[in-house]
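Following: one structure in structure tokens, then a few remarks.
The values are calculated or read from the model by the stated rules, or taken from the named source; none is laboratory data. Keep in mind it's a predicted model, so treat the numbers as computed, not measured. Here the Cβ positions follow ideal geometry from the backbone for every residue, glycine too, while neighbour counts run over all protein chains shown.
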Amino acid sequence: MFKNNWNGKISENIFFSPHNIVIIAGPCMLETLELGLEIGSFLKEECKRLGFPYVFKSSYDKANRLSNDSQRGPGLEQGLKWLSQIKKDLDVPILTDVHSSEHVINASQFSDVIQVPAFLCQDIEILEACAHIEDTVIQIKKAQWLSAEELIHSAEYLGKMGQNKVTLVERGVCFGYNNLSVDFRSLVTLQRQKYATIFDGTHAVQLPGAGNGKTIGLRDMVLPLVKAAVATGVDGVFLEVHKNPKEALSDPETQLDPSLATNVLESIARIRDGISKWV
Amino acid sequence: MKDFKIINIIASLSDIKDNPKILTALDIFKWRLDDKDFNEGSIQESISKLKKSKQEIGVVCCSLKQIESVESFAKFLYIPGYLCRQTDILIKASQTQLPLFIEKGNFLAPNDISRLLNKVSHNKISIVETGSSFGYSDNILDLRSLYILKENAIIFGVNLSSLYGKKSKTYPHKAKWTNSYNFYEAFILGSQALGASFFVIDNQKNLHTISEDKVLEMQNAFSVEQNYV
């Protein structure tokens with residue numbers, strides 16, 4: 001059981017559990033329905049092959065782009081329609097992120113998991129909206145300037161209002177300007193408090209704004225960091241996958257192509273299986 | 001105004017050395033996790049008082065809804081740093097045509113400030129430097145950031161409270177020596193030397209506070225040349 005006696009249920013057949021790792025993965029931005037279906041289908045099959053519970057993720061609105069010229073995505077109405085279609089066609093649970101309290105209510109009708117973005121992880125309006133929705137898991141990303149202890153305050157705030165289906169995500173911490181590092185102590189702190197703990201492997205390798213106003217990243221570091229996180233101990237891994245990352249409308253330098261995604265998933269499976277022999 | 005939380009913005013005018021102007025931005029919406037004194041019922045009362053006030057009072061706003069509810073009577077808007085990349089909030093705030101104080105988030109590189117400004121459609125903006133993230137629960141004042149603001153002719157000030165940090169619920173390993181009022185003199189003098197036009201003090205009761213008297217005492221020690229927005 002997780003904090004506040006939550007049983008880890010995401011959907012009918014998908015649970016967080018002690019000896020497995022949930023894979024939350026999909027394209028960063030839901031650029032088209034076809035992209036979502038293609039990547040979602042691929043990831044579902046890979047996760048089935050490797051024995052992972054799978055949750056599809058994608059954003060309908062990137063509302064905090066660094067540059068005003070950057071694309072944001074299909075928007076609330078179209079995006080939620082597409083996510084609903086993906087959920088139905090692929091029979092997978094859905095995660096998407098929200099940037100306002102109004103969107104929490106809309107998205108919760110279609111999503112199994114609502115994600116509070118890192119910058120907004122202490123935003124009261126959004127947290128209060130999340131506290132009052134039922135049957136939806138709330139996933140909160142740790143802001144780049146926050147300690148794990150401070151992120152737990154956001155989770156405790158939800159808990160006090162009766163929202164006990166909470167997962168917490170480590171996505172890297174500021175390390176000077178335009179750079180992030182990963183403090184693996186955070187994963188330990190979050191797990192010790194019994195929160196379902198997720199490691200975001202593709203955002204943790206971002207170099208925010210380092211590309212002359214665009215965020216670039218170190219894709220080749222995703223695999224080593226994910227392996228370290230899984231070895232440290234996590235309940236889930238979050239990855240962004242695109243069929244051709246170079247052509248992606250967001251995070252082209254950190255999203256994984258299908259081949260690298262397979263490589264990462266197989267590595268996670270090997271570590272999981274190795275650890276389970278010792279437990 | 002016991003039901004208001006206050007961020008005082010001390011804005012000095014060039015010809016009023018001994019009486020720097022103090023603006024007040026009020027917290028009427030709950031936006032801090034550790035705000036134990038927030039009273040839900042006080043929002044409408046606060047709005048009612050603000051509408052009748054003749055003072056130059058602004059409001060701290062954290063969402064589109066909040067901006068909409070105060071734009072008809074607030075004299076300016078104050079946007080906290082964690083929202084400085086939220087495009088819809090910056091656009092909505094600038095559409096009000098009100099003067100804006102926008103905090104630069106502690107995660108934002110100084111050379112990205114121009115991208116923040118590109119999202120705002122008018123030029124009645126003051127940027128509030130809150131420091132740069134330097135480990136958990138610690139912001140440091142990077143003079144390079146102030147230099148960039150000055151070189152780009154941006155009116156700016158410094159949030160002294162964000163540099164002091166929170167007393168309560170901080171990262172447990174944070175070095176206690178970093179929380180000292182003694183550093184304020186250095187922050188103020190250094191900021192002034194690089195062109196800061198104003199300072200922000202967060203008077204939220206259960207966070208740290210520095211008395212206005214103390215800040216005025218320090219400010220009286222030097223003159224200020226710049227105008228504020």
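A few remarks follow.
Residues are listed down the side, and each one gets a yes or a no for (1) in contact with an Asp or Glu (Cβ under 8 Å, 6 or more places away or on another chain); (2) of a type in the set (Lys, Arg); (3) buried (at least 17 other Cβ atoms within 10 Å of the Cβ):
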| site | (1), (2), (3) |
| --- | --- |
| B:Lys51 | no, yes, no |
| B:Gly58 | no, no, yes |
| B:Cys62 | yes, no, yes |
| B:Phe73 | no, no, no |
| B:Ile89 | no, no, yes |
| B:Gly131 | yes, no, yes |
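- Of all residues making up region B:53-98, the number that are within 14 Å of chain A (Cβ to nearest Cβ), more than 21 Å from B:Arg115 (Cα to Cα) and of a type outside the set (S, T, N, Q): 4
- For region A:9-21, the tally of residues that are out of contact with any Ser or Thr (no Cβ under 6 Å at 6 or more places or on another chain) and assigned to a loop (DSSP other than H, G, I, E, B) stands at 7.
- Residue check for B:Leu83: within 30 Å of B:His173 (Cα to Cα), at pLDDT 95 or above and buried (at least 22 other Cβ atoms within 10 Å of the Cβ): yes
- Taking region A:50-121 and the strands (runs of 3 or more DSSP E) fully enclosed by it, the elements with 1 or more residues that are within 14 Å of chain B (Cβ to nearest Cβ) are at A:94-97, A:113-116.
- All positions within region A:51-66 that are buried (at least 17 other Cβ atoms within 10 Å of the Cβ) and of a type outside the set (A, V, I, L, M, F, W, C): A:Pro53, A:Tyr54, A:Lys57, A:Ser58, A:Ser59, A:Tyr60, A:Asp61, A:Lys62, A:Asn64, A:Arg65
- Within region A:153-184, the set of residues being part of a helix (DSSP H, G or I) and at the interface with another protein chain (Cβ under 10 Å from one of its Cβ atoms) comprises A:His153, A:Ser154, A:Glu156, A:Tyr157.
- Qualifying residue in region A:19-40 (condition: in contact (Cβ under 8 Å) with a residue 12 or more places away in the chain and under 17 Å from A:Thr136 (Cβ atoms)): yes
- Criterion applied to A:Leu83, A:Leu76 was being hydrophobic (A, V, I, L, M, F, W, C) and without any contact (Cβ under 8 Å) to a residue 40 or more places away in the chain, and the one residue passing it is A:Leu76.
- Hey, A:Ala229 more than 15 Å from A:Ala25 (Cα to Cα) and either outside any strand (DSSP E or B) or over 17 Å from the mean Cα position of the chain (by Cα) (or both) or not: yes
- Any hit, region B:146-162, residues being at positive phi, among the basic types (Lys, Arg) and surrounded by fewer than 21 Cβ atoms within 10 Å (Cβ to Cβ): no
- Taken together, A:Leu37, A:Leu76 contain a single residue that is among the aliphatic types (A, V, I, L, M), at negative phi and modelled with pLDDT under 95, which is A:Leu76.
- Within region A:196-229, the set of residues being under 20 Å from A:Asn20 (Cβ atoms), buried (at least 24 other Cβ atoms within 10 Å of the Cβ), touching a Phe, Trp or Tyr at 6+ places or on another chain (Cβ under 8 Å) and not acidic (Asp, Glu) comprises A:Ala196, A:Ile198, A:Phe199, A:Gly201, A:Val226, A:Ala229.
- Residues that are surrounded by 18 or more Cβ atoms within 10 Å (Cβ to Cβ) and touching a strand residue (DSSP E or B) at 6+ places or on another chain (Cβ under 9 Å), drawn from region A:73-89: A:Gly73, A:Pro74, A:Gly79, A:Leu80, A:Leu83, A:Ile86, A:Lys87
Table: residues versus (1) farther than 18 Å from A:Cys28 by Cβ; (2) in contact with a helix residue (DSSP H, G or I) (Cβ under 9 Å, 6 or more places away or on another chain).
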residue: A:Phe42; (1), (2): no, yes
residue: A:Cys47; (1), (2): yes, yes
residue: A:Leu50; (1), (2): yes, yes
residue: A:Pro53; (1), (2): yes, yes
residue: A:Ser59; (1), (2): no, yes
residue: A:Ala63; (1), (2): no, yes
residue: A:Gln71; (1), (2): no, no
residue: A:Glu77; (1), (2): yes, yes
residue: A:Trp82; (1), (2): no, yes
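- Within region A:22-31, the set of residues being touching a strand residue (DSSP E or B) at 6+ places or on another chain (Cβ under 6 Å) and not in a strand (DSSP E or B) comprises A:Cys28 only.
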